[in-house]
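Enquirer: This is the structure I have questions about; it appears just below.
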Amino acid sequence: MKNLTLENITRVCRGTYHGDPAKLGQEVSGVVIDSRKVEKDNLFVAIDGENVNAHRFIPDTIEKGALCVVSHEDLGETDFPYILVESTGQALLDIAKLYRDSFDIKVVGITGSVGKTSTKEMIASVLAQKYKVHKTLGNFNNEWGLPLTIFQLNEEHQIAVLEMGVNHFGEMRRLSSVASPDICVITNIGVAHLEFFKTREGILQEKSQMIQDMKAGGSIILNGDDDLLSQMGPVKGASPVFFGTGDGNQFRADGIEPLGLRGTACNIHLPDGSSFPVIIPLPGAHMISNALAGAAVGYTMGLSAEEIKAGIEGLPSMPGRNNIIKTDRLIILDDCYNANPISTKAAIDVLSMAIGRKVAILGNMGELGSDECALHREVGTYCAEKGIDVVCGIGDLAKHLVEGASTDSTVETHWFESKADFLAEMKDIIQPGDNVLVKASHGMWFPELVESLQSF
């Protein structure tokens, strides 16, 4: 891998090399943190998990052909090279920074409370009309995932679209200092992770730290429909540009026509006064915002209106994220990867567009702090307001969601302590022809419900 010699790795990690000096000039073939994925001449970074000491797998990695190991434990005398560091987690970030700086490419950094991954996919789809794009896989957006994404860069890539997710103060700078973005995109400031940030203002404070690591001459692209983001002024000499449906945004959508679960038609206006009609292929009002973010980044990177339109209309769906699955008996809205009140309400908006009976299968939403019960109840009330016919809550917190939906006597409601309890009664609740939303926080692991519904 470019510039990743054992000598350079030792230097950037501020580590101590133990092993044959003749190997210091050798480049590693890859960087891994999962001992099961080690291949010949890889560098294995031993990062301990909550319940696993990764260092006990070091002999296995050497047997599989690892060239060297990064360890925060003194391994003593060994017959293989290792680099002793203070923190293997920090070392992973340091190595990723070295590798990222080896490439003369543009980097788009994306953060926000909701919609980071779907916005990332939209931006990548647009940019792919002109460039070779590397993007975050799935939601590999934390202090382990971002480096692993960066290590997949190669010489053919012209631009990288990197998602950055945080849930504690101080995390953003550790990520953004590695990514060194040329373009900073913030999707919104919602109520996700209030348990740690306490207020939306706290979330804004942390998310906007990404801009501090923006390269000179960079661009700031913000959601102008967000009440907090719209108030941001210049940072590091760069004035933000805004996207949204409001008149004051440089990238704006109007003529919005919902097409049910087939998506949304609208007109997108660009700062040069031009506009074009487009059909966003995934449903939901939030996808308009994602399309505008894609248009803004594409325009900033020199794409034509035709290229931007093609990228938006060519957006593929992703499992677990606003993914429409049609079976012989059901239409399933698979949005089960993660959930918070804003994203769940957006998914309910999409479900409300469906023709036929509308069923919401909703689970716990995590990390909401002291207001978690009220926020779940609010989502349940929202289901009733949007005309959802059946609301199924799964999990202890989802019980409050069901209580909220039950305030409307026309809504059929069910609460289950576990997924197994729901699956045992599913055939008595779901009917052929139903439109079914499945959504919960990641820890609930709802993909198995999607699989069961597909075989219903």
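The values are calculated or read from the model by the stated rules, or taken from the named source; none is laboratory data. Keep in mind it's a predicted model, so treat the numbers as computed, not measured. Positions of Cβ are generated from backbone atoms using ideal geometry, with glycine treated the same way; all protein chains shown enter the neighbour counts. Please note that ligands, DNA and RNA were not included when accessible areas were found on the heavy atoms of the full protein model with its side chains. Shrake-Rupley method; radii C 1.70, N 1.55, O 1.52, S 1.80 Å.
Enquirer: Here are labelled values, (1) 31, 28, 25; (2) 80, 26, 17; (3) 40, 28, 20, and one is the computed semi-axes √(5λ) of the Cα gyration tensor in Å for what I pasted. Which one?
Expert: Matching the structure shown: (3).
Enquirer: Output the 0 to 90 degree angle, nearest 10, between the alpha-carbon long axis of helix 88-100 and the longest principal axis computed from the alpha carbons of the chain.
Expert: Once rounded, the angle reads 90 degrees.
Enquirer: Another one. Considering only DSSP beta bridges where both residues belong to the chain, give the percentage that are antiparallel (nearest 5). Provide the component values of the computation, followed by the final result.
Expert: Details: 21 of 70 bridges.
Rounded to the nearest five, the antiparallel share is 30 percent.
Enquirer: Run the numbers on the chain and let me know its relative contact order in percent, using alpha-carbon pairs under 8 Å that are six or more apart.
Expert: Values: 1019 pairs, mean separation 49.1, N = 456.
In percent, rounded to a whole number, it is 11.
Enquirer: What pairs in LYS236/LYS309; LYS399/LYS427; LYS130/LYS236 have C-alpha atoms more than 25 Å from each other?
Expert: Among LYS236/LYS309; LYS399/LYS427; LYS130/LYS236, the Cα-Cα distance tops 25 Å for LYS236/LYS309; LYS130/LYS236.
Enquirer: So, one more: Would you mind computing, in nm to one decimal, how far apart the modelled labels at GLU7 and ARG357 are, each placed 7 Å from Cα along Cα→Cβ?
Expert: Result for the modelled spin labels: 7.1 nm.
Enquirer: Just subtract the alpha-carbon distance of ALA285 and SER317 from 0.36 nm times their residue separation and send over the number in nm, one decimal. Show your work: numbers first, answer last.
Expert: Working: separation 32, 0.36 × 32 = 11.52 nm, distance 1.56 nm.
Full extension of this stretch gives 10.0 nm more.
Enquirer: Taking the chain as the reference, fit the longest principal axis to its C-alpha atoms, fit the long axis of helix 341-352 to the helix C-alpha atoms, and give the angle between the two in degrees, 0 to 90, nearest 10.
Expert: Between helix and principal axis, roughly 50 degrees.
Enquirer: Please work out the average accessible area per residue across the chain, using the 1.4 Å probe convention, and give it in Å².
Expert: Values: 18780 Å² over 456 residues.
For the chain, the solvent-accessible area averages 41 Å² per residue.
Enquirer: In whole percent, how big is the carbon plus sulfur part of the accessible area of the chain, probe 1.4 Å, protein atoms only?
Expert: Values: 9010 of 18780 Å².
Heavy-atom surface of the chain belonging to carbon and sulfur, 1.4 Å probe: 48 percent.
Enquirer: As an exercise, use a Förster radius of 25 Å and the Cβ-Cβ distance of GLU155 and ARG14 to find the FRET efficiency, rounded to the nearest 0.05.
Expert: Working: r = 28 Å, r/R0 = 1.12.
E(calc), rounded to 0.05, equals 0.35.
Enquirer: So for the stretch 1-142: antiparallel DSSP bridges make up what percent, rounded to the nearest 5? Display every interim value, and only then the final one.
Expert: Working: 4 of 13 bridges.
Looking only at bridges with both residues in the stretch 1-142, the antiparallel portion is about 30 percent.
Enquirer: Moving on. Using R₀ = 56 Å, calculate the FRET efficiency as 1/(1 + (r/R₀)^6) where r is the Cβ-Cβ separation of GLU378 and ALA238; round to 0.05. Walk me through the intermediate numbers first.
Expert: Numbers: r = 37 Å, r/R0 = 0.66.
Efficiency at R0 = 56 Å is approximately 0.95.
Enquirer: I'd like to know which of THR410, SER118, ILE332 lies farthest towards the positive end of the charge dipole of the chain, counting +1 on Cβ of Lys and Arg and -1 on Cβ of Asp and Glu.
Expert: SER118
Enquirer: Report Rg(Cα)/(2.2 N^0.38 Å) for the stretch 167-212, keeping two decimals.
Expert: Working: Rg = 10.5 Å, N = 46, 2.2 N^0.38 = 9.4 Å.
Normalised Cα radius of gyration, the stretch 167-212: 1.11.
Enquirer: Same structure, new question: Could you compute the FRET efficiency for ASP101 and SER29, with r as their C-beta to C-beta distance and R0 at 22 Å, rounded to 0.05? Numbers along the way, then the final one.
Expert: Values: r = 20 Å, r/R0 = 0.89.
Given R0 = 22 Å and the Cβ-Cβ separation, E is 0.65.
Enquirer: LYS106: which aspartates and glutamates have alpha carbons under 19 Å from its alpha carbon, excluding same-chain residues fewer than 8 sequence positions away?
Expert: GLU121, GLU155, GLU156, GLU163, ASP182, ASP213, GLU307
Enquirer: Can you give the Kirkwood hydrodynamic radius for the stretch 252-396, in Å, rounded to one decimal and based on Cα pairs? Before the final figure, lay out the partial values.
Expert: Values: mean 1/r = 0.0602 Å⁻¹.
Every distinct Cα pair counted, the radius reaches 16.6 Å.
Enquirer: Output ³J(HN,Hα) for the stretch 271-283: one whole-Hz value per residue in order, computed from phi by the Karplus curve 6.51 cos²θ - 1.76 cosθ + 1.60 with θ = phi - 60°, and x for Gly and Pro.
Expert: x, 7, x, 7, 8, 8, x, 8, 10, 7, x, 10, x
Enquirer: The stretch 228-312: percent of C-alpha pairs farther apart than 14 Å?
Expert: Values: 2198 of 3570 pairs.
Beyond 14 Å sits 62 percent of the P(r) for the stretch 228-312.
Enquirer: Also, quick follow-up: Grab the Cα-Cα distance for LYS198 and VAL52, subtract it from 0.36 nm times how many residues apart they are, and report the gain in nm with one decimal. Walk me through the numbers before you get to the answer.
Expert: Working: separation 146, 0.36 × 146 = 52.56 nm, distance 3.07 nm.
Gain on extension, LYS198 to VAL52, equals 49.5 nm.
Enquirer: Between ALA265 and SER409, with labels modelled 7 Å along Cα→Cβ, what's the label distance in nm to one decimal, could you check?
Expert: 4.2 nm
Enquirer: If you don't mind, another one. Rounding to the nearest 20 debye, state how big the charge dipole of the chain is about its Cα centre with +1 on each Lys and Arg Cβ and -1 on each Asp and Glu Cβ.
Expert: 920 debye
Enquirer: Sticking with this structure for a sec: Multiply the residue separation of HIS442 and LYS37 by 0.36 nm, subtract the distance between their alpha-carbon atoms, and state the gained length in nm to one decimal. Can you show the working numbers first?
Expert: Numbers: separation 405, 0.36 × 405 = 145.80 nm, distance 2.38 nm.
Full extension of this stretch gives 143.4 nm more.
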